[in-house]
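The values are calculated or read from the model by the stated rules, or taken from the named source; none is laboratory data. Given the structure is predicted, the values throughout are model-derived calculations rather than measurements. All Cβ positions, even for glycine, are placed from backbone atoms using ideal geometry, and neighbour counts span all protein chains on display. Side chains included, ligands, DNA and RNA excluded: accessible areas come from the protein's heavy atoms. Shrake-Rupley method; radii C 1.70, N 1.55, O 1.52, S 1.80 Å.
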Amino acid sequence: MASPNQPTQQYDAGNIQVLKGLEAVRKRPGMYVGSTSSRGLHHLVYEVVDNSIDEALAGYCDKVEVTIHADNSVTVDDNGRGIPVDIHPTERIPGIEVAMTVLHAGGKFDKDSYKVSGGLHGVGVSVVNALSESLKVWVKRDGKQYYMDFVRGHTTTQLKTLGKAGASETGTRILFKPDGEIFTELVFDYGTIAGRLRELSFLNKGVSISLTDERQEPAKTELFHARGGLKEMVQFLNAKAKPLHPEVLYLETEKDDIGIELALQYNDGYNENVFSFVNNINTHEGGTHLTGLKAALTRTVNNHAAKGNFLKKADFTLSGDDVREGLTAVLAVKVREPQFEGQTKTKLGNSEAESAVKTVVNDWLAAYLDEHPRTANIILEKAVSAARAREAARKARDLTRKKSALDVGNLPGKLADCSLVDPALCELYLVEGDSAGGSAKQGRNREFQAILPLRGKIINVEKARIDKVLSNEEIRTIITAIGTGIKDEFTLENARYHKIIIMTDADVDGAHIRTLLLTFFFRQMQQLIDAGYIYIAQPPLYRVAKGKHEFYAYDEKERDAYMERLGNGEGRGSVSIQRYKGLGEMNPPQLWSTTMDPERRTLMRVGMDDAFKANETFQTLMGDEVEPRRNFIESNALVARNIDV
């Protein structure tokens, strides 16, 4: 290290780098689209489509066409007003060139052009231009058709007029090809794009959105067009469940200049599926609008229960969790100037949204329950049943707490805790089986690694009510060890570990246990996933050894490469191969070096890009309905891996 008194290089104004135009985007693409992997790649499509949807929100567009071409370039075509082509008053270049080459430029910053806008950061299409090896744009407006093209954000063809367009023909078509110098993944996933376009069609009723994939022969086209808006969205979400009442309750209104749309329906399940949006942005961390909805639901249902004498002789009221058991709901609000906060900037902070939603939903739901007694009775009976189950679970929990009052810190007996107390430095391994748990306890670093062995398979929370969930000893142990509580009682700041690592065997049983744990975290502690605290350990499948040399392989390809390397081209006879079927087959030093050592291990962080897709997947794979699961297995049988037969 150089002495502070002997600088190693000169530092003056020449060292300050100025990134002009879109250079900053190419230098730090992750700041603008999230990543340079698949997630960032798909974000390019969303940015361009959002511009078209903004035109729809303003009332000028009802048709958007997205096409994935054979070379994985994408065209987005709309019938909006068309990007302006006249000369910009301050930039002295055409408006279309400003939109394509200047960051934070666009009509959405002008309140007269767009009342509300779907773009979260306002970086928009200029970022897509910067991160594309080529981008071409056609505009129809004012009776003419215009064209420009760009390479990596730089203008290569100045604005030119191609000819006349019909007087009523308006719109923008953008064709872009993502840059291989920027992105590590260049192949678009049809399902990912289709999921977002379907979501947008539900959120913008009446807008027709099509998706065509020309990489298939013949080309595949799907049309998303929801005349019923959020009502159809709730029906789609409940397609794999059994609704308790046929009608989807629906509200669309405006309060204090905030547009409010809500659809809800109860099913016979035990989980709550409530999704919220602001200006088409999925606020999966919630926010003030969701707080308003939850408060209104709880208050109105409790008032109706008291009025209808549903809680006679009961020593409890209905909690928010009781009222939302089996509820599928979608809330979408339109806010002029949304303020976002939270881990991923997807939590609404506008206080006026809470009071607007609360007031509107209180009045609307109270009137609806009064006018529809049959549906009201179904909703009330569901909530009261949930409350009784919760009370039974609470009494069982209190009994457990009294029994364990003499335990140090009330922590589970089989938890081998770590010595550090800073949660940011601490890790909790959830280990399948006592055998592997014993090896992990011996092999770990006791300073920052805690071990919790799990005996057998935990309960499937997708099919069980909360009292049954909390009567499961393994579940109770996990909840106590993590320290955050669950559902309405959840507090992220109380997490005792910022890395919770699922470590199971590399077989079908291990995969099932891992899926059961992920289902539990998704349904009861989803904030841990949002915060990035849940991980999956990747133990090796093979040990390849010869003499004093040994290597660990995580798949067959890696195993074969090590065999060739150790065999020195003389065949594989002298090379020994061990296939690990369970974690317990590894001794403590092996488990440490392959799966637990931070310097050498491989961990997969569990994330959630699409809450709808996640919800649908858990419903399909872990829910009561057999038919959707059978269909899933049949359609994915050919791509299944690691099957024990």
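Which of the GluC sites (Glu not before Pro) found in segment 573-627 are in a DSSP loop and have at most 16 neighbouring Cβ atoms, other than their own, within 10 Å?
Sparse-neighbourhood loop GluC sites (Glu not before Pro): Glu599, Glu625.
With a 1.4 Å probe and every protein chain left in place, work out the accessible area per residue of segment 518-600 in Å², rounded to a whole number.
48 Å²
Accessible area of Glu381, 1.4 Å probe, to the nearest 10 Å²?
110 Å²
Quick one: of the DSSP bridges fully inside segment 268-348, what percent are antiparallel, nearest 5?
35 percent
Using a probe of 1.4 angstrom, how much of the accessible area of the chain is carbon and sulfur, in percent? Can you show the working numbers first?
Working: 15210 of 31260 Å².
The nonpolar share, carbon plus sulfur, comes to 49 percent.
Can you list the lysines whose alpha carbon is less than 22 Å from that of Lys177, not counting same-chain residues fewer than 8 positions off?
Result set, ordered by chain and number: Lys27, Lys136, Lys140, Lys160, Lys220.
How much FRET efficiency would the formula 1/(1 + (r/R0)^6) give for Lys307 and Arg394, where r is the Cβ-Cβ distance and R0 is 25 Å, rounded to 0.05? Write down the numbers at each step before the final one.
On the way: r = 26 Å, r/R0 = 1.02.
Once rounded, the FRET efficiency stands at 0.45.
How much mean residue ellipticity at 222 nm does the chain get from its helices, if each DSSP H run of length 4 or more adds -39500 (n - 2.57) and you divide by all residues, to the nearest 500 deg cm²/dmol? Let's see the in-between values first.
Values: 20 runs with 227 residues, N = 645.
Calculated mean residue ellipticity at 222 nm is -11000 deg cm²/dmol.
Accessible surface of Trp592 in the full protein assembly, 1.4 angstrom probe, to the nearest 10 Å²?
Near enough 60 Å² of accessible area.
If you restrict to DSSP beta bridges whose two residues both lie in the chain, what percentage is antiparallel, to the nearest 5?
Working: 71 of 98 bridges.
Just about 70 percent of them are antiparallel.
Considering only protein heavy atoms, with the full assembly of protein chains and a 1.4 angstrom probe, order Arg198, Arg523, Arg630 by accessible area, largest first. Show your work: numbers first, answer last.
Numbers: Arg198 60, Arg523 20, Arg630 110 Å².
Reading off the accessible areas and sorting them downward yields Arg630, Arg198, Arg523.
Val207's amide H: which non-local residues (gap 5+, or another chain) put their own amide H closer than 5 Å, with H modeled 1.01 Å from N in plane and none for Pro or chain starts?
Ala226
How large is the dipole of the chain about the Cα centre if only Lys and Arg carry +1 and Asp and Glu carry -1, each at its Cβ, rounded to the nearest 20 debye?
Details: 82 positive and 89 negative charges, 240 e Å.
Computed charge dipole of the chain: roughly 1160 debye.
Which length gain, in nm to one decimal place, applies between Glu634 and Ser385 when the Cα-Cα distance is subtracted from 0.36 nm times their residue separation? All intermediate terms of the calculation are to be shown ahead of the outcome.
Values: separation 249, 0.36 × 249 = 89.64 nm, distance 3.66 nm.
Taking 0.36 nm per residue and subtracting the Cα distance, the gain is 86.0 nm.
Show me 556-567, 254-265 ranked by packing, highest mean number of other Cβ atoms within 10 Å first.
Values: 556-567: 15.3, 254-265: 19.5.
Taking the mean over residues of other Cβ atoms within 10 Å, the ranking is 254-265, 556-567.
So if each residue of separation counts as 0.36 nm, and I subtract the Cα-Cα distance between Glu599 and Thr184, what length gain in nm does that give? Working shown, then result.
Values: separation 415, 0.36 × 415 = 149.40 nm, distance 2.43 nm.
Contour length minus the Cα-Cα distance gives 147.0 nm.
Non-local amide H neighbours of Asn271 (under 5 Å, H modeled in plane, Pro and chain starts lacking H): which ones?
Gly326
Check Gly153: other-chain or 5+ apart residues with amide H under 5 Å from its amide H, H built from backbone geometry?
Residues meeting the criterion, in which the H sits 1.01 Å from N, are Ser132.
Work out from phi, with θ = phi - 60° and the Karplus expression 6.51 cos²θ - 1.76 cosθ + 1.60, the ³J(HN,Hα) of each residue of segment 600-608, listed in order in whole Hz, and give x for Gly and Pro.
Going residue by residue, I get 10, 6, 10, 10, 9, 7, 8, x, 9 Hz, with x marking Gly and Pro.
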